[in-house]
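First comes the structure, then the notes that go with it.
The values are calculated or read from the model by the stated rules, or taken from the named source; none is laboratory data. Values in this document were obtained by computation on a predicted structure and should not be read as measured data. Cβ coordinates were reconstructed from backbone atoms using ideal geometry, including for glycine residues, and neighbour counts include every protein chain displayed. The protein model used for the area step is the full one, side chains on, heavy atoms only, and it has no ligands, DNA or RNA in it. Shrake-Rupley method; radii C 1.70, N 1.55, O 1.52, S 1.80 Å.
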Amino acid sequence: MKIILVGIQGAGKSTQGNLLSKKLNIPYLSTGHIFRVLAREKTPLGRYIKETMNAGYLIPDKKTVEIVSDYLKRDTYGNGYILDGFPRTLEQVKMFKNGVDKVIYLKVSDKEALWRLSYRNGSGREDETLIAIRKRIELFHRLTEPVLDYYRKIGILVEIDGEKSIEEIFKEILKNLQRHKRIEK
Ligand code: AMP
């Protein structure tokens, strides 16, 4: 099964992604992590990615889709994946050919996310400055909300209240995925 996790930074995507991964036995990966690894490379691409990430901007669509599609070709992801942080723009949706079964949107308010992020400060991420976080939230509303509309229209979007407890959210997600499986049969 190919699952996409969407939500602003601080919505709990990696927490739920890791729980789902264990439960469903499907690997979890995030584009943020892929880019943070690439940003360590002392190459022009590495330096470019690092600067872009630290400012909270998005890596250009074409480059992003190339990198992600390439990554997903690995054997590990042959039976599906739980992908966090991609696609983030309609362009990425159009260019991505790997398939998506279900899109889980963890909905939290900007205020709640900012509060959570200030609370968890100290994650050590160089790209987690307040300016970068605010930029990412702004870009989410502008560029990623149309992605949600798209998946809603084709009937594969699941909206989850991300302000509930971790356990409640997890249960809610599983309930929705089971419903999906029944329809598939
Ligand atoms: P995240 O950890 O998901 O907040 O991602 C951190 C940074 O990685 C973002 O601010 C972007 O610079 C880059 N990034 C992650 N996913 C994408 C994507 N789908 N498209 C473009 N840039 C991305």
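Accessible surface area normalised per residue over the chain is 57 Å², counting heavy atoms of protein chains with a 1.4 Å rolling probe. Ligands, DNA and RNA left out, the accessible area of the stretch 69-152 computed with a 1.4 Å probe is 51% carbon and sulfur. Classify the stretch 32-185 as rounded, prolate or oblate from the Cα gyration tensor: take a ≥ b ≥ c as the square roots of its eigenvalues, call it rounded if a/c is under 1.5, otherwise prolate when a/b beats b/c and oblate if not. Oblate, because a/c is 1.5 or more while a/b does not exceed b/c.
Once the Cα-Cα distance is subtracted from the 0.36 nm per residue extended length, the LYS62 to TYR48 segment shows a gain of 3.6 nm. Cross-link reach is defined here as a Cα-Cα straight distance under 17 Å, omitting same-chain residues fewer than 8 places apart; for LYS23 the lysines meeting it are LYS2, LYS13, LYS102, LYS171, LYS175, LYS181. Applying 1/(1 + (r/R0)^6) with R0 = 25 Å to the Cβ-Cβ distance of THR129 and LEU174 gives a FRET efficiency near 0.10. Highest mean packing first, where packing is the average number of other Cβ atoms within 10 Å per residue, the peptides 5-11, 96-102 line up as 5-11, 96-102.
Taking label points 7 Å from Cα along the Cα-to-Cβ direction, MET1 and ARG40 give a separation of 3.2 nm. Under the simplified labelling scheme, the ARG142-ASP110 pair shows an inter-label distance of 1.2 nm, with each label point 7 Å from Cα along Cα→Cβ. Full extension of the chain segment joining ALA55 with SER165 gains 36.5 nm, where the gain is 0.36 nm per residue of separation less the Cα-Cα distance.
The distance between label points at TYR119 and LYS94 comes to 4.0 nm (points 7 Å beyond Cα on the Cα→Cβ vector).
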